[in-house]
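The values are calculated or read from the model by the stated rules, or taken from the named source; none is laboratory data. Computed from a predicted model, the values in this text were never measured in an experiment. Note: ideal-geometry Cβ built from the backbone for every residue, glycine included; neighbour counts use all protein chains shown.
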Amino acid sequence: MSQPRSSYAVGTGLFIVLGFAALAYLATQTSSVANVHQGDSYTVQAQFTNIGQLKERAPVKIAGVRVGQVQSITLKPDHDVADVTLSIDRSYNHIPQDSVATIFTSGLLGDQYVGIEYGSAKQAVASGGTLARTRSTQPLEEMLGKFFGAGGVVDNVGGSYAVKASFTNVGTLSAGAPVKMAGVVIGSVQSVHADPVKLNADVVLSIDKRYDAIPDDSAAAVFTSGLIGTQYVAIQPGGSPDALKDGDEMILTQSAMQLEDLIGKFLVNGSSSDKKDAGNGSK
Amino acid sequence: MSARGQHGNVVTQSLTQIGLCGLFLLTLLAAIPRSFRYLRETTRQLWFVGAMSLTIIMVCGLFVGMVLMLQLYHVLSIFGGTSASGMVVALSVYRELGPVVTALLFAGRAGTAITAEIGLMRATDQISAMEMMAVDPIAYVATPRFLAGLIAMPLLCCVFCAMAVFGGHLVGVTWLGIDNGTFWSNMTAVVDVHTDIVNGVLFKSLAFGAVVSLIAVFQGFTTPPTSEGVAYATTRTVVASSIAILALDFVLTAFLM
Amino acid sequence: MTDPVRATPDDPTLVRIRGLTTVLNGKTIFDALDMDIPRGKVTAIMGPSGTGKTTLLKHITGQMRADAGSIHVGGRNVAGLSREELYKLREGVGYLFQNSALLTDFDVFENVAFPLRQHTKLPEVLIRNLVLLKLQAVGLRGAARLMPNELSGGMARRVALARAIVFDPQLILYDEPFVGLDPVALNQVLKLIRTLNKTLGITSVLVSHELDAVQQIADHVMLLSNGKVVAQGDPRTIAGDGSPWTRQFFGGEADGPIPFRYPAGDYATELGLAGVTK
């Protein structure tokens, strides 16, 4: 009579074991278990002019080995650099002060992480200290542009500067797309219109009032988040002492690259680029 | 005539149901200490709702992984990114498809069974008989089934996800020729234990398990104890569970992401 | 003291109902009902369908609360009991459901063992012996390993009876024990009820409308109609007491004090002929 009962118990036990085995399999075989942060840690500051796609909780690596994670990313209103707080495991507390923090990308499509290359200083960076030497991420367009020697066209359109910018090609940029500085969103694209006379695209950017110290010779560029991501306008600060004011137009602009073409060249078996004509300007 | 039940608009009726369901949940939770005496019954229910659902979950998980890989491979091959397909299969299954599909299958397989069983127990006076034998039906019938659903869902979801990854591997690596090493390394590089497995698989499926088994037990206990009532309640369990799962999925995703 | 059913052995009345009033869905089921159920006897409650005979049993066991009035079982008011006390009371009361209400998950043996397993920590051997004893009493020891769906209606009812008496209750409530049984099964159940009452002195309350069966078994008959006891007495004499109720009920006349028609509005008006006939 205890026969049916015990068979239930055995079956249920097997079921539970199987469930937990599946969980263990998922956790250990299909994920980076190391991504779970453990142990004591200390924080180090680093400033980057462009963090690209770096996100909070992204890994921090030394010699490719994970030693911590990105704790926070902030942009102060009066700065044009992003403050990144790195949380690093206590056991790696001998990082030389002059080490270089660089934002790397794992592969072409992968997530970004912060890599620390050791310097030669005797003194280790303290908890709460700052890594002064940093290298920012490079937008894919810039790299590809350099690679092919076909850098973006810098348009020099007449008229005074404004929070308005003209591009020969905005790609798939549309109203509502983000405007970023140093990789952090500071505003959005208000409208995209084709100019019937000049045959290029007039883009109106609306930028948060807090960022009122953007030099007036800053450049606006249409970038793509990653290889197949959405497009956004990036503002690369210039060196002029005067700041952009409402109604100004940005002189230096860099249009969207025909990413499809680039990839087509890049990958030998490249797919055709004839499907999508991204530009709304002249051909 | 029961003017309250039949007439009255849909909104009022739904709100009443939700309210009653919430109160029922409190009753269930209050009965948990008393139901510890019936641990054996909980185990038995775990067998019925969990172990007996294993086959359908495993088969469906396998096919979901396989079809997902097939679809993704063709889309990603346009971008030359087929090596990422394993990773996308894993992410989409862990974050969305795994918990949601498991919960929908669970509602169809186990939820209806719970509702129909309790409804029939009421129709044949078994619940009253328990009352008469001084056995609390909430503690003996309702809570063990609720707890069993709560425990079974995350486990089933893990099995589902593992099978989906296996199915993706089967199609992607064995059939379509994605490199085995690339398949795994891309996956392990992106899948995060905290966001994807704890928040995605475990937390969501736990929440869905609670919702589905609550609805199933509630419908069983509140339906008119007739064969019509039971049939109606079974349908209601599937409909209400599905809506609740998808709505809750949206809310959870918004909070967890 | 802990067992209210056995608490007052001197009182000749085991269940005392006073002023019981129940309204269900706007329909008055009981209207200030008074009733005394004597200890150690077989009391049959009879009445037309829908008079609330089953409801009365549910009131006695505290499954349903009345709107007014009191029910004392062994000197304790059922309505005033907490759930724990009520459960304690029910351990001393057996209840035979109209449709047997066996737990379909368990076989016959486990069904009978169910109350024992839930309320005692007896060793397995003792449970086994007790269950087999009760099954032997209803003649179904050989069916111990059958599932409820393999039983005939009469067998299921006997199993339910074995389950109801497994705690040796002082009071058993039978809800329509003879409905849907063939003559053989009916006589088997009848014999069991009588045996239990005679040998163990169990007070039995029987809800039924099988007049023949009741006359064979009951010591006392109460005829219930319109929420009141309209007649009571010895089963052999009650049929001839001459009141219109008893005449109609036992004579089986279609119309009388027990109306043929459910209360309704004017027939002509409802058919839309009110104006035509004028």
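Which is among the aromatic types (Phe, Trp, Tyr) and away from chain A (no Cβ under 14 Å), of B:Phe160, B:Phe146?
Numbers: B:Phe160 fails: away from chain A (no Cβ under 14 Å).
Every option except B:Phe146 fails the conditions.
Go through the stretch C:34-75 and give me each residue that's touching a Leu at 6+ places or on another chain (Cβ under 8 Å) and within 14 Å of another protein chain (Cβ to nearest Cβ).
Correct list: C:Thr55, C:Leu57, C:His59, C:Ile60, C:Thr61, C:Gly62, C:Val73.
Name every residue in the stretch C:76-88 that is within 8 Å of chain B (Cβ to nearest Cβ) and touching a residue at least 40 places away in the same chain (Cβ under 8 Å), in order of residue number.
C:Lys88
Which of (1) over 18 Å from the mean Cα position of the chain (by Cα); (2) surrounded by 15 or more Cβ atoms within 10 Å (Cβ to Cβ) does A:Ala63 not meet, given it meets every other one?
For A:Ala63, the failing item is (2).
Does C:Arg39 fit the bill of being free of Cβ contacts under 8 Å to residues at least 40 places away in the same chain and among the basic types (Lys, Arg)? If you could, list the steps in order and put the result at the bottom.
Details: free of Cβ contacts under 8 Å to residues at least 40 places away in the same chain: no; among the basic types (Lys, Arg): yes.
No.
For residues that are of a type in the set (Gly, Ala, Ser), within 14 Å of chain A (Cβ to nearest Cβ) and in contact with a Gly (Cβ under 8 Å, 6 or more places away or on another chain), tally how many sit in the stretch B:184-220.
The qualifying residues number 4.
Condition test on C:Arg90, is it within 16 Å of the chain's Cα centre (by Cα) and among the charged types (D, E, K, R)?
Numbers: within 16 Å of the chain's Cα centre (by Cα): yes; among the charged types (D, E, K, R): yes.
Judged against the criteria, C:Arg90 is a match.
Can you give me the ranges of the strands (runs of 3 or more DSSP E) entirely in the stretch C:172-269 with at least 3 residues that are surrounded by 21 or more Cβ atoms within 10 Å (Cβ to Cβ)?
Details: elements: C:203-207, C:220-225, C:228-233.
In the stretch C:172-269, the matching strands (runs of 3 or more DSSP E) lie at C:203-207, C:220-225.
Taking the stretch B:83-130 only, how many residues are away from chain C (no Cβ under 14 Å) and basic (Lys, Arg)? Spell out the reasoning first.
Of the residues in the stretch B:83-130, the ones away from chain C (no Cβ under 14 Å) are B:83-112, B:115.
Then keep just the ones that are basic (Lys, Arg); that gives B:95, B:109.
The total comes to 2.
I'd like to verify a number: residues in the stretch C:89-112 that are part of a helix (DSSP H, G or I), in contact (Cβ under 8 Å) with a residue 40 or more places away in the chain and within 27 Å of B:Leu120 (Cβ to Cβ), how many? Outline the logic, then answer.
Pass one, the stretch C:89-112, residues part of a helix (DSSP H, G or I): C:89-91, C:108-112.
When the remaining residues are screened for being in contact (Cβ under 8 Å) with a residue 40 or more places away in the chain, the result is C:89, C:91, C:108, C:111-112.
Those still in the list that are within 27 Å of B:Leu120 (Cβ to Cβ) too: C:91, C:108, C:111-112.
Within the stretch C:89-112, residues that are part of a helix (DSSP H, G or I), in contact (Cβ under 8 Å) with a residue 40 or more places away in the chain and within 27 Å of B:Leu120 (Cβ to Cβ) number 4.
For every residue, the table says whether it meets (1) touching a Phe, Trp or Tyr at 6+ places or on another chain (Cβ under 9 Å); (2) in contact (Cβ under 8 Å) with a residue 60 or more places away in the chain; (3) of a type in the set (Val, Ile, Thr).
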| residue | (1), (2), (3) |
| --- | --- |
| C:Leu130 | no, no, no |
| C:Ala137 | no, no, no |
| C:Pro148 | yes, no, no |
| C:Tyr174 | yes, yes, no |
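Going through the stretch A:10-45 one residue at a time, which ones are modelled with pLDDT under 80 and at the interface with chain B (Cβ under 7 Å from one of its Cβ atoms)?
Passing the criteria: A:Thr30, A:Ser31, A:Ser32, A:Val33, A:Asn35, A:Val36.
Using the structure shown, decide if A:Ser225 is at pLDDT 80 or above and among the hydroxyl-bearing types (Ser, Thr, Tyr).
Details: at pLDDT 80 or above: no; among the hydroxyl-bearing types (Ser, Thr, Tyr): yes.
So A:Ser225 fails the test.
Just name the residue that is farthest from C:Phe114 (Cα to Cα) out of those in the stretch C:150-165 that are in contact (Cβ under 8 Å) with a residue 40 or more places away in the chain and of a type in the set (D, E, K, R).
C:Arg157
Restricting the search to the stretch C:121-148, which residues are away from every other protein chain (no Cβ under 11 Å), under 21 Å from B:Arg37 (Cα atoms) and surrounded by 14 or more Cβ atoms within 10 Å (Cβ to Cβ)?
Once the filter is applied, which keeps residues that are away from every other protein chain (no Cβ under 11 Å), under 21 Å from B:Arg37 (Cα atoms) and surrounded by 14 or more Cβ atoms within 10 Å (Cβ to Cβ), the stretch C:121-148 yields only C:Leu122.
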